[in-house]
1. If segment 213-257 were replaced by its equivalent ellipsoid, with semi-axes equal to the square roots of 5 times the Cα gyration tensor eigenvalues, what would those be, largest first, whole Å?
2. Ordered by residue, what ³J(HN,Hα) values in Hz, to whole numbers, does segment 75-87 give under the Karplus form 6.51 cos²θ - 1.76 cosθ + 1.60, where θ = phi - 60° and Gly and Pro are x?
3. What's the magnitude of the charge dipole for the chain around its Cα centre, counting Lys and Arg as +1 and Asp and Glu as -1 at the beta-carbon? Answer in Debye, nearest 20.
4. Find which of PRO333, THR41, LEU105 sits farthest along the positive direction of the dipole of the chain, computed with +1 on the beta-carbon of Lys and Arg, -1 on that of Asp and Glu, about the Cα centre.
5. Taking the dipole about the Cα centre of the chain, with the C-beta of Lys and Arg at +1 and of Asp and Glu at -1, give me whichever of LEU386, LEU294, ILE252 is farthest to the positive side.
6. What's the FRET efficiency of LEU201 with LEU388 using the Cβ-Cβ distance as r and R₀ = 35 Å, to the nearest 0.05?
7. Only one of the listed values, (1) 21.9; (2) 21.2; (3) 20.6, was derived from the coordinates as Kirkwood radius over Cα pairs in Å; which label is it?
8. Of VAL207, LEU174, ILE8, which is farthest along the charge dipole of the chain in the positive direction, counting Lys and Arg as +1 and Asp and Glu as -1 at C-beta?
Amino acid sequence: MTRKQYFIIILILGSLATISPFSIDMYLPGFPAIASDLKTTIAQVQLSLTAYLVGISVGQLLYGPLLDRYGRKNPLYAGLFIYILTSLACAYTESIDSFILMRFLQAIGGCVGMVAAQALVRDIFPVNKTAQAFSLLTLVIAVSPMVAPTVGGYVTAAFGWHAVFVILAVITALIMLGVYFALPEGRQPDASISLKPKAVLKNFVLVLKQEQFLLYTLAGGIATAAPFAYIAGSADVFMNIYNVSEQEYGWIFAFLAFAMIGSTQLNHVILNRFKSEQVINFTLFYQTAVGILLVVGTYYGWFSKLALIGLLFIFLTGQGLLNPNATALSLAPFTKNTGSAAALLGSFRMAMGGLMSAAVSVLHTGTALPMVSVMAGCSVVGLLLLLLGKRTIRFRASRRAVEEGTSVLISTGRER
């Protein structure tokens, strides 16, 4: 393909994948206003974020088999249409309970963009180019946290939080047009893939039996859940503890998002010299060290606002290195059932994200400690799983080699 086609495809795929990040980030500055209008608490509004992440987790499991069975575009159109309708419903809700429900349904629709984008990268690009494609995709995704909260802060201040969801609906309608006119079809429908529950579960089991997928999905999924703890807690930390305005919070969020953008670009260069496995190992070690420093420093009150922002920047830099490499390594073994694999990968990541955001809400103490503790915990657990998983895979591989060697010897002996 030409450079122009490559750019357009990455832009559209990135736009699809940014639907959910925009839905998560753009309304964050409106948390206090939503709590006030719906006569509830910040902690309850945070649960709408958890509901969205749970919806993404559930929805991706549904779309994976649909994308494999019916091709990429038809399920994509259906999900985006659901998203547009529920976004408008969010804008006009009058109670926190209905708002949380609509956020869940909004996620069910919008998550199709994440699954389809990952599956289409695997469809369109050769295996040796997927990590670089995912890096560019992550770059487009990483721009959204810079733009979304900043825009959301100004929109909320000028027009109220309801306008945020109207804008999200309009943006998604424009993305649908781009998908229709400029995005390749990707993998064709496969009538051999059954949508019966037993067959769907069988496909998921086949995916889960792939050791490389399981290793990098578990370790990478937990490690990449750390930003969701930051997202869930940052509005409360900066707006209520450090008393920043909605607009200033948007700029802080944008600055910290730049950490992921810069490292994503750096990852694109690093991959010319190092393997994805090496990048992931290094990143988890350094994030664990920074995470522990965040917890200790917050507990003892060492950090000013600027110091906290600086350490968060260093920590979040790792996400631009972890995300694309873990994704590429997870999906690399598959030529069939790619949609199901992408769905399981995305579902687990969002489930972990929902769990981490809920943990920040439940552990709310009026300090930054719950946020940074959960972030650090994600890195520590991710690193331990990676080290343990690699050791387990090497042990099983060596045992299989011994068993196969023994089998050959026995067979040879019988022949004699």
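1. Details: eigenvalues 174, 21, 5 Å².
Output for segment 213-257: semi-axes of 30, 10, 5 Å.
2. x, 5, 4, 4, x, 5, 5, 4, 4, 4, 5, 6, 5
3. Numbers: 27 positive and 16 negative charges, 334 e Å.
Dipole about the Cα centre, nearest 20: 1600 debye.
4. After comparing all options, I get PRO333.
5. Of LEU386, LEU294, ILE252, it is LEU386.
6. Using R0 = 35 Å, I get an efficiency of 0.85.
7. Computed from these coordinates, Kirkwood radius over Cα pairs in Å corresponds to label (1).
8. Sorting the options by dipole projection puts first VAL207.
Each reported figure results from applying straightforward, stated rules to the coordinates on display, with no laboratory input. Since we're looking at a predicted model, the values are computed, not measured. Neighbour counts are summed over all protein chains in view; Cβ atoms, including those assigned to glycine, are modelled from backbone coordinates with ideal geometry.
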